[in-house]
Amino acid sequence: MHTVKSILASILLSIVTIAGSDAVAQATGEVNFKTLGIRFTIPNGWVGQEVNGGYIVGSNTQAGFAFLTIHQYTTLAQLTQEAWKGIAEQNGTSLKLSGEIENLNERSIGAEYSGTLEGQAVKAYIVGLVNPLGSGVTIMAASTPDQYSATHQQLAQQLANSTQFSQPQTPPVVEEWKQTLQNSRLTYMDSYQSNSGSYGGYSTGGGYSSEVQIHLCGQGFFKYKSSSSMSVDTGGAFGSSSDSGQGNGTWDVVGNTQDGATLRLNFHNGEVYEYNLEYKDNKTFLNGSRYFRTYGTAGVDDGPECF
């Protein structure tokens, strides 16, 4: 799954890739994602590269980077509300508002942030743009605090000013997946069990199991269920912990930049999960992980919970 917050966790690796690898094609000029209906221009002196979950812009001479990703907010009021919250993650990523939120124009806002990105101190300028035709764009230009300057704010605003929206050109595979996934249940299962031996006459071992269910209903809503359990059996003492959660919202299948299809889950609390869809060897894959796709058959409780 991809969320804006989880995408931030991979930015540092992306920076190393774009700055240090001659083998990776580095783009300049206009970048056009027709399936999203989004295009923008990389400023002079900077180069760009598509990465997992977004687009990174870096330089061999300038410190810092810019990262562009999409969001699903449709109004400036929604963007402003999110801007006040900042970003907080358990992986050492925490960005808090450190300046005033500016209304840059009728479709965008901007603000300065400071904090950490995977434990590394950063300062950033973030611009959010709304798109009346589809997905909006978030642009973050950042660097270490000692190297951050007006250049990074200018970079973010240049990218924002060059961004243009058009009607997305949906590839045919999107409609195929929409029909395929209607009224289906997608199930991911993983488990491990070990029995490492015995001690004092008692067996020792442990294991875990996890399961995710995504119920995709024809009415346009979904139910998301996840559960995991871990057990440890040591010297006759048994302990277990488990957690489960369920969320609801609306689902859709949209095009992605690889001319493929992406399952998008829009939770009522504002979170967005995205899964790139693949079908190979008669199996369904979401973000590279095997999911069982079932519809409910006579005498078998494997269909979606839609009522």
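No value in this document is a laboratory result; all are computed from the given coordinates. As the structure is a computational prediction, the values presented were derived from the model and not from experiment. With ideal geometry, Cβ positions are generated from the backbone for all residues, glycine too; neighbour counts draw on all protein chains shown.
Along the Cα-to-C-beta direction of residue 105, a point sits 7 Å from the Cα; which residues of segment 129-152 have their amide N less than 18 Å from that point?
Inside the label zone: 129-140.
Under a plain spin-label model, where a point goes 7 Å from the Cα along Cα-to-Cβ, how far apart in nm are residue 116 and residue 307?
For the pair residue 116/residue 307, the computed spacing is 5.2 nm.
With the cut-off at 21 Å, tell me which of the pairs 85/225; 96/223; 178/280 have Cα atoms farther apart than that.
As for pairs spanning more than 21 Å Cα to Cα, those are 85/225; 96/223.
Give the residue from 45, 130, 83 lying farthest towards the positive end of the charge dipole for segment 4-165; charges sit on Cβ (+1 for Lys and Arg, -1 for Asp and Glu) and the dipole is referred to the Cα centre.
Going by the charge dipole, the pick is 130.
Whole-Hz Karplus ³J(HN,Hα) for segment 250-264, in order, using 6.51 cos²θ - 1.76 cosθ + 1.60 and θ = phi - 60°, x for Gly and Pro?
Each residue of segment 250-264 in turn: 10, 10, 7, 10, 10, x, 10, 6, 9, 6, x, 10, 10, 7, 10 Hz.
At 0.36 nm per residue, and after removing the present C-alpha to C-alpha distance, how many nm does the segment from residue 226 to residue 278 gain when stretched out fully?
16.6 nm
Report the extension gain between residue 149 and residue 285 in nm, rounded to one decimal, defined as 0.36 nm multiplied by the number of residues separating them, less their alpha carbon distance.
Using 0.36 nm per residue and subtracting the Cα-Cα distance, I get 44.6 nm.
If you plug each phi of segment 115-128 into the Karplus form 6.51 cos²θ - 1.76 cosθ + 1.60 with θ = phi - 60°, what whole-Hz ³J(HN,Hα) values come out, in order, with x for Gly and Pro?
Karplus-based 3J(HN,Hα) across segment 115-128 equals x, 10, 10, 6, x, 9, 5, 9, 10, 8, 10, 10, 10, x Hz.
Compute the length gained on full extension between residue 39 and residue 85: take 0.36 nm times their separation in residues and subtract their Cα-Cα distance, giving the result in nm to one decimal.
Contour length minus the Cα-Cα distance gives 13.8 nm.
Sort largest first and round to whole Å: the equivalent ellipsoid semi-axes of segment 68-171, each the square root of five times a Cα gyration tensor eigenvalue.
24, 15, 13
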